[in-house]
Amino acid sequence: MGLFDKIKSAFTGADKKQDAPEQEVIQEKAVEEEAVRETVEAPVTEDTTLEPEDTKKETEQYEKGLKKSRVSFTRRLNELLANFRYEDEEFFEELEDLLIESDVGFEATMQIADTLRYEAKVENIRSMKDAERVIVRTMVDMYGETNPDHTEFNENPDGLTVVLFVGVNGVGKTTTIAKMAHQYIDKGKKVVLAAGDTFRAGAIEQLNIWGSRVGAEVISTKQGGDPAAVVYDSITTARESGADLLLIDTAGRLQNKKNLMNELEKMKRIISREIPDAPHETLLVLDATTGQNALNQAKIFKETTNVTGIVLTKMDGTAKGGIVLAIGKELNIPVKFVGLGETMNDLHPFDTEKFAYGLFKELIEQTS
């Protein structure tokens, strides 16, 4: 049983069995006995029930990184549920306020509240524990439905992988580039960085410092230079040096969307002219601590360029973990990476199961 199945069974399994008619229980028992017989009679294969050490370690990192969000949400939910009144509309309004304040977003909030209202109407919930079960089960289901098939990082199997990073200044874009470069270099890959943000004072110098630290070559020009020229030179250098990964930084100005769009489109034209399938990813970097502001940034960048995925930074620094649901429900853009700490190894591929478990661990264990 996978981690996500374990999470969901904590909130659904017991109720289904308790409410099942006697005949269904008998049939269910027969199916279980048949499954046991098949297991006993099946040929011996490698045991995959134990969680691999690297997977276990990453699950623990998710738990640690999401601790602030988990503790805050659990405490506030328990305080709210202590006054649970299934016939009182005021309770549902307070729940909606809690979810909005947790950056869950309007659409996801309405779905969770409406599900709870329905369960109360058909008398499936009458206690605080019932309400807790429905709320967390619904949220876990929603995390599981947040583009689970599109969260993998798209690498070019036949050569150079080109990644364009977009996002406003101050969200951790340059640091994210450095972390990804470090992790790929640790795997024995060759990485080239392109300092495409030629407008912000200090941006080129900052990327050069990070490149020196992680061991990646940086292609740059003087401040105020042409970003498209930097992109062209970086592709040439990456090809000639046999690089596996080219990570391109871009300017983060939002004051004039038209200028931003024109600049990004020019860079993309050069990339696709040189490498037809590139860029293989256009990653939008968002600061998770900014909540609704991050969602607004995502909407603007989605209007100006084809964002293929999101990197959520500073997840360990926020007491709110609902931003993933808001992005999935309102923008339909997959979260592909999350920053769960400040070290070079704290950038992780997004995993819906580990994220949901890290966010609801205490509630899951209480229910189990």
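A count restricted to region 231-242 and to residues that are crowded, with 23+ Cβ neighbours inside 10 Å and in contact with a helix residue (DSSP H, G or I) (Cβ under 9 Å, 6 or more places away or on another chain) stands at 2. Within region 306-328, residues that are in a loop (DSSP other than H, G, I, E, B) have Cβ atoms under 6 Å from residues that are acidic (Asp, Glu) in these pairs: 308/281; 314/287; 320/103; 322/103, counting only partners at least 6 apart in sequence or on another chain. Condition check: surrounded by fewer than 17 Cβ atoms within 10 Å (Cβ to Cβ) and among the acidic types (Asp, Glu). Does residue 263 satisfy that? Taking the combined requirement at face value, the residue does not satisfy it. Yes or no: region 191-202 includes at least one residue that is under 23 Å from residue 289 (Cα atoms), in contact (Cβ under 8 Å) with a residue 40 or more places away in the chain, out of contact with any strand residue (DSSP E or B) (no Cβ under 6 Å at 6 or more places or on another chain) and surrounded by 17 or more Cβ atoms within 10 Å (Cβ to Cβ). So far as region 191-202 goes, no, none of its residues is under 23 Å from residue 289 (Cα atoms), in contact (Cβ under 8 Å) with a residue 40 or more places away in the chain, out of contact with any strand residue (DSSP E or B) (no Cβ under 6 Å at 6 or more places or on another chain) and surrounded by 17 or more Cβ atoms within 10 Å (Cβ to Cβ).
Just wondering, is there one or more residues in region 306-318 that are within 18 Å of residue 103 (Cα to Cα) and among the hydroxyl-bearing types (Ser, Thr, Tyr)? There is at least one residue in region 306-318 that is within 18 Å of residue 103 (Cα to Cα) and among the hydroxyl-bearing types (Ser, Thr, Tyr).
For first residues located in region 207-235 and more than 17 Å from residue 251 (Cβ to Cβ), partners that are of a type in the set (Asp, Glu) and lie 6+ apart or on another chain with Cβ distances below 6 Å form the pairs 235/274. Within region 245-252, one or more residues are modelled with pLDDT under 95 and of a type outside the set (Ser, Thr, Tyr). Considering only residues in region 270-282 that are assigned to a helix (DSSP H, G or I) and touching a residue at least 12 places away in the same chain (Cβ under 8 Å), the one that is surrounded by the most Cβ atoms within 10 Å (Cβ to Cβ) turns out to be 271.
Screening 285, 307, 338, 324 for residues that are buried (at least 19 other Cβ atoms within 10 Å of the Cβ), of a type in the set (A, V, I, L, M) and in contact with a Lys or Arg (Cβ under 8 Å, 6 or more places away or on another chain) leaves exactly one candidate, 285.
Does residue 222 satisfy being closer than 25 Å to residue 287 by Cα, out of contact with any strand residue (DSSP E or B) (no Cβ under 6 Å at 6 or more places or on another chain) and basic (Lys, Arg)? Answer is no for this residue. Note on region 348-368: residues that are surrounded by 22 or more Cβ atoms within 10 Å (Cβ to Cβ) and under 25 Å from residue 173 (Cβ atoms) total 6. If I filter region 164-190 down to residues being in contact with a Phe, Trp or Tyr (Cβ under 9 Å, 6 or more places away or on another chain) and among the polar types (S, T, N, Q), which single residue comes out as surrounded by the most Cβ atoms within 10 Å (Cβ to Cβ)? The residue in question is 174.
The values are calculated or read from the model by the stated rules, or taken from the named source; none is laboratory data. These numbers were taken from a predicted model, which means no experiment stands behind them. Every residue, glycine among them, receives a Cβ derived from its backbone with ideal geometry; neighbour counts consider all protein chains shown.
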